[in-house]
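Engineer: I'd like to ask you about the structure that follows.
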Amino acid sequence: MAGKGLKSLNEAMKALSIASQPCRALPMRQSSILSSRRSMASVATPPAANITRSVSEPWQPSMSTNTTANLDNIARAGKVLTQDSVTNVPVTVYSFPELEPRSLESYSARHLHLPLRRDILHLAVIYEGDSTRLGMASSKTRYEVHGSHKKMIAQKGTGHARRGTKQSPLQKGGGKSFGPKPRDFSTKLNKKVYDLAWRTALSYRYKRGELIVTEDGLDLPLPDDFLWLAGGGKLSRELEDAYVRKWVHEFMTGLNWGKEAGRTTFITGDKRPNLFTGFELAGAEGRALELWDVDVKDLLETGRIVIERSALKEMIKDHQSDLVTRVAVQGLRQKGPKLGEVLVRAPRY
Amino acid sequence: MRRIPRIPSTASALCSSSSPVASTSAVPLRTLRAQAADSSSACQSCNFSTQISATHNRVWQNILQTQRRCASTVSETTPDAPVAAAAAAAEIATEPALTLEQQRKRRRGGFVETQRTINLVLPGEPTKASAPEKIRDPNYEPAASGAGLQEIGGISDWWNKPENFRDGGKQFEYQGFAAQEKITDPRLLKVILRRALVEGLALKKFGANPQNPADIAAIIGNGDHWQRTVSVEMCRGEDGELALKKDSDLQKVWILMRNAADKAHYTREWTAEVGRLRRVGEHEQANQLLQEGKKLGYRFGSEEGSRVKLKVEEAIELRKSWNNDWKEATIRDPIVKFYAAKRIQKMTGHLLSDGKLTSIQTVANFMDALVTPPKPKKLAEQIEQNSILPELPNVKVYPRRVTPVDKEKMVGRWKVIQKELQKRELPVLGTGNVGKYVELKWLGSKQ
């Protein structure tokens, strides 16, 4: 029996050896993938199969090593380019409210074209929810309930059950044994993960066409007539509010951004009176937020995000801790991808 | 207690006049505020500043600030003007004090406006009934309560009445850059896309020139030059990118665009000038200018060809002037895509988002993005459009759940049921706050 056991162990060890596993020949498999990706018509030499990448080498996306001819072939086949191939994405800056495309900026794909990571978004939203929880619930223990601590009835001889103080948790009106006390519900999340979630949320909106970037100075263009009357104090508060409510409703319906289209979040650098008061009155149509007030959950809510150009820039700049470093190597510091490089400048006439 | 690490705000403290918080050293919005510095204004009462450049916005801002944020006692205690007997026939509001900028504008225009007709009709002053003791009519008996008295006026739905807008509600119409009517016919869209791409290539080369008389991509209309623009030969360039076969064609297209832009630009200026003269009251001069412009071929009030006049037959005819080679060309240049998308927005009303433009890599992609209708929002819509189900004789498709009431309506029994229920004073819909038998609960039934 012992001999048989040793034999089977030997067999098992042999089966584990690399030579007996032809399917694990990684170099062969890898190179076959690369060759199949290569354009058939291309005269370009195939890139060397660099499968033994050192950890110190930066990771290169597979497509970036491909020739332009290869890219071309894929594009000609009518396929949408993969995530890896996109390094920069354009951002059109619109005028508001006409929505005329005024200028064009380029953002890094690492800012606005990240793959959707629902798990990371979930982490961020839960983290924010935890941090926002007030945790104010508070009940009194038997030591905090007001009253005398005298024994209510004698221990023996009354015919009643035994009773201690009035504050006993067993008594009606007594303290709570293990009740809630104010506490901090906030949880931790690594800043790099939270920042990635922020940009993932923006990227998600961008890809769906729900991120509309406007020129600076985003505000509601209330009609002159109304402003003249309101400025002259001719409107009562009721009339004024009702007018603004109606105007915002009609305006948002005209844009197809209103209640029917899932509401709209406007994000500005600071408070704009017409915009903020307008949506305070007509909250069913959308909401307006200052940049400091925005979090990841806000970016995921409502039908679309309308944000000012500089607010977007500022937002990304403040949430790229995973792309920048504070450590300088040989006097150089990794500053992250360029933010909002202007491709087409807004014409001034 | 710990909170989400957010940007420290100076802006948030700007208008809290009750607690004027000093700004912190870390100013995340400093760029925004620096840009706003030249155009910002400050409300003295609440120390609020903003970067809005338009003067009129501040007027409302100031009012609301004093009313809402600074909690002015006047606005809180003064009751609103409640009832209007009749709408004022013509409300003339005296103009509030002009800002310097406005004054300068007016001076340039050569006149100063002192009165202004407002397109909104306001309720008149409320009238008060005289006190009961002052009424001498012996038959008069004051009512003990308001029940049963006739109600007159009220301003709760003042702005829902069309007669209260002198412009017929025009002030609520949204007018954007995009064409008002969306073009969805694929035959037209194909021709329009070709034109947009030709113009996009031209704009990429010449559009950013500061010597251009106007923003040509924005101002040119959608009217003429279809044949001359669209029939330009396009091909795949050396790198596979879309290009014009002859460089001279690009120049020709650009000249066409320049001329169209000039015409649109002058039409706009001429219309504005005629309008201004009319407002001032110099009708003779206005008419003279109008006639002069008409002789030169301008059309009052309309920019050059603001709507696409292309007909389907023309589009089919134009379509014959090119082959399909250009469809295989790639368009990876974001600037060409930007200009093309801008022209498409103006001509067809389609707003192509950045996300879509990023995924567009070839002309064929572009065509698909434009022609493919948006995904239906409801399942019923989708079935209606792309299914044989509605055509089947034994299948009916409803946009929502078929309720018991719907079923009764279908057989024409609902009105009768309603009548009988009302006769017995029973609730027509629902249970009328009558819950389940409480005994069921006692019995521990799960029903």
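Engineer: Which of the following residues is buried (at least 18 other Cβ atoms within 10 Å of the Cβ) and within 14 Å of chain B (Cβ to nearest Cβ): A:D318, A:D295? Quick ask: steps written out before the conclusion?
Structural biologist: On the way: A:D318 fails: buried (at least 18 other Cβ atoms within 10 Å of the Cβ).
Sole residue among the options that is buried (at least 18 other Cβ atoms within 10 Å of the Cβ) and within 14 Å of chain B (Cβ to nearest Cβ): A:D295.
Engineer: Show me the helices (runs of 4 or more DSSP H) entirely contained within region B:330-398 in which 1 or more residues are on the phi < 0 side of the Ramachandran plot and touching a strand residue (DSSP E or B) at 6+ places or on another chain (Cβ under 7 Å).
Structural biologist: Once the helices (runs of 4 or more DSSP H) in region B:330-398 are filtered for at least 1 residues that are on the phi < 0 side of the Ramachandran plot and touching a strand residue (DSSP E or B) at 6+ places or on another chain (Cβ under 7 Å), what remains is B:334-348, B:354-359, B:363-371.
Engineer: Let me ask you something else. Looking only at residues that are more than 8 Å from chain A (Cβ to nearest Cβ) and either small (G, A, S) or closer than 20 Å to A:L114 by Cα (or both) in region B:328-351, which one is surrounded by the most Cβ atoms within 10 Å (Cβ to Cβ)?
Structural biologist: That would be B:A340.
Engineer: Would you pick out the residues in region A:235-252 that are charged (D, E, K, R) and more than 7 Å from chain B (Cβ to nearest Cβ)?
Structural biologist: Of the residues in region A:235-252, the ones charged (D, E, K, R) are A:237-238, A:240-241, A:245-246, A:250.
Those that are charged (D, E, K, R) and more than 7 Å from chain B (Cβ to nearest Cβ): A:E240, A:D241, A:R245.
Engineer: Here are A:K246, A:K192, A:K188: which of them is assigned to a helix (DSSP H, G or I), under 24 Å from the mean Cα position of the chain (by Cα) and either among the charged types (D, E, K, R) or over 30 Å from A:G269 (Cα atoms) (or both)?
Structural biologist: Working: A:K246 fails: under 24 Å from the mean Cα position of the chain (by Cα); A:K188 fails: assigned to a helix (DSSP H, G or I).
Of A:K246, A:K192, A:K188, the one residue that is assigned to a helix (DSSP H, G or I), under 24 Å from the mean Cα position of the chain (by Cα) and either among the charged types (D, E, K, R) or over 30 Å from A:G269 (Cα atoms) (or both) is A:K192.
Engineer: Output the residues belonging to region A:325-349 that are exposed (fewer than 15 other Cβ atoms within 10 Å of the Cβ), outside any loop (DSSP other than H, G, I, E, B) and β-branched (V, I, T). Break it down into steps so the answer makes sense when it comes.
Structural biologist: In the first step, residues of region A:325-349 are kept if they are exposed (fewer than 15 other Cβ atoms within 10 Å of the Cβ); the result is A:325-335, A:338, A:341-342, A:345, A:348-349.
From what is left, the residues that are outside any loop (DSSP other than H, G, I, E, B) are A:328-329, A:332-333, A:341-342.
Once the filter is applied, which keeps residues that are exposed (fewer than 15 other Cβ atoms within 10 Å of the Cβ), outside any loop (DSSP other than H, G, I, E, B) and β-branched (V, I, T), region A:325-349 yields A:V329, A:V342.
Engineer: Can you name the condition, by its number, that A:E260 falls short on among (1) more than 24 Å from B:T117 (Cβ to Cβ); (2) outside any loop (DSSP other than H, G, I, E, B); (3) within 8 Å of chain B (Cβ to nearest Cβ)?
Structural biologist: Here A:E260 clears every test but (3).
Let's see how each residue does on (1) at pLDDT 95 or above; (2) part of a helix (DSSP H, G or I):
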{"residue": "A:A201", "(1), (2)": "yes, yes"}
{"residue": "A:Y206", "(1), (2)": "yes, yes"}
{"residue": "A:G217", "(1), (2)": "no, no"}
{"residue": "A:P221", "(1), (2)": "no, no"}
{"residue": "A:D225", "(1), (2)": "no, yes"}
{"residue": "A:A230", "(1), (2)": "no, yes"}
{"residue": "A:E238", "(1), (2)": "no, yes"}
{"residue": "A:A242", "(1), (2)": "no, yes"}
{"residue": "A:M252", "(1), (2)": "yes, yes"}
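Engineer: Can A:G232 be described as without any contact (Cβ under 8 Å) to a residue 60 or more places away in the chain and more than 7 Å from chain B (Cβ to nearest Cβ)?
Structural biologist: Details: without any contact (Cβ under 8 Å) to a residue 60 or more places away in the chain: yes; more than 7 Å from chain B (Cβ to nearest Cβ): no.
In short, no.
Engineer: Select from region A:268-324 the residues that are assigned to a helix (DSSP H, G or I) and of a type in the set (D, E, K, R) and list them in ascending order. Reasoning before the result, please.
Structural biologist: First pass over region A:268-324, keeping only residues assigned to a helix (DSSP H, G or I): A:273-281, A:291-293, A:296-300, A:309-318.
Hits for region A:268-324 are A:E280, A:D293, A:K297, A:D298, A:R309, A:K313, A:E314, A:K317, A:D318.
Engineer: I'm trying to understand the selection: among the residues of region B:294-322, which are buried (at least 16 other Cβ atoms within 10 Å of the Cβ) and modelled with pLDDT of 80 or more?
Structural biologist: Within region B:294-322, B:L310, B:A315, B:L318, B:W322 qualify.
Engineer: In addition: Considering only region A:312-349, how many residues are small (G, A, S) and within 14 Å of A:T92 (Cα to Cα)?
Structural biologist: Within region A:312-349, the subset small (G, A, S) is A:321, A:328, A:331, A:336, A:340, A:346.
Filter once more, keeping what is within 14 Å of A:T92 (Cα to Cα): A:340, A:346.
Counting residues in region A:312-349 that are small (G, A, S) and within 14 Å of A:T92 (Cα to Cα) gives 2.
Engineer: A further question follows. Pick from B:W326, B:W254: which is over 25 Å from B:A369 (Cα atoms), among the hydrophobic types (A, V, I, L, M, F, W, C) and in a helix (DSSP H, G or I)? Outline the logic, then answer.
Structural biologist: On the way: B:W326 fails: over 25 Å from B:A369 (Cα atoms).
Every option except B:W254 fails the conditions.
Let's see how each residue does on (1) surrounded by fewer than 11 Cβ atoms within 10 Å (Cβ to Cβ); (2) in contact with a Phe, Trp or Tyr (Cβ under 8 Å, 6 or more places away or on another chain); (3) closer than 30 Å to B:L188 by Cβ; (4) of a type in the set (D, E):
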| position | (1), (2), (3), (4) |
| --- | --- |
| B:Q361 | no, no, yes, no |
| B:Q385 | yes, no, yes, no |
| B:P390 | no, no, yes, no |
| B:K409 | no, no, no, no |
| B:L421 | no, no, no, no |
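Engineer: Moving on to the next point. Out of the residues in region B:325-366 meeting the condition of being farther than 22 Å from B:M257 by Cα and among the basic types (K, R), tell me which one is nearest to the chain's Cα centre (by Cα).
Structural biologist: B:K356
Engineer: Right, here's the next one. Find the residue count for region A:215-231, including only residues that are over 35 Å from the mean Cα position of the chain (by Cα) and hydrophobic (A, V, I, L, M, F, W, C). Walk me through it before giving the result.
Structural biologist: Applying the first criterion (over 35 Å from the mean Cα position of the chain (by Cα)) to region A:215-231 yields A:223-231.
Narrowing further to those that are hydrophobic (A, V, I, L, M, F, W, C): A:226-230.
Residues in region A:215-231 being over 35 Å from the mean Cα position of the chain (by Cα) and hydrophobic (A, V, I, L, M, F, W, C): 5 in total.
Engineer: What tally of residues in region B:153-203 results from selecting those that are among the charged types (D, E, K, R), within 14 Å of chain A (Cβ to nearest Cβ) and either surrounded by 18 or more Cβ atoms within 10 Å (Cβ to Cβ) or assigned to a strand (DSSP E or B) (or both)?
Structural biologist: So the count comes out to 1.
Engineer: From A:T265, A:T277, grab the single residue that is at the interface with chain B (Cβ under 7 Å from one of its Cβ atoms) and buried (at least 19 other Cβ atoms within 10 Å of the Cβ). It would help to see each step written out before you state the result.
Structural biologist: On the way: A:T265 fails: at the interface with chain B (Cβ under 7 Å from one of its Cβ atoms).
Every option except A:T277 fails the conditions.
Engineer: One residue is enough: does region B:110-121 have a residue meeting the conditions exposed (fewer than 15 other Cβ atoms within 10 Å of the Cβ), modelled with pLDDT of 85 or more and within 14 Å of another protein chain (Cβ to nearest Cβ)?
Structural biologist: no
Engineer: A further question on this structure: Just name the residue that is farthest from the other protein chains (Cβ to nearest Cβ) out of those in region A:321-349 that are within 29 Å of the chain's Cα centre (by Cα) and among the hydroxyl-bearing types (S, T, Y).
Structural biologist: A:T325
Engineer: Being of a type outside the set (D, E, K, R) and either more than 28 Å from B:G176 (Cα to Cα) or touching a Lys or Arg at 6+ places or on another chain (Cβ under 6 Å) (or both) narrows it down to one residue among B:I360, B:I383; which is it? Explain how you work it out, then say what you get.
Structural biologist: Details: B:I360 fails: either more than 28 Å from B:G176 (Cα to Cα) or touching a Lys or Arg at 6+ places or on another chain (Cβ under 6 Å) (or both).
Going through B:I360, B:I383 in turn, just one is of a type outside the set (D, E, K, R) and either more than 28 Å from B:G176 (Cα to Cα) or touching a Lys or Arg at 6+ places or on another chain (Cβ under 6 Å) (or both): B:I383.
The values are calculated or read from the model by the stated rules, or taken from the named source; none is laboratory data. For clarity, every value in this text was computed on a predicted model and none was experimentally measured. Using ideal geometry, Cβ is built from the backbone for each residue, glycine included, and neighbour counts are taken over all protein chains shown.
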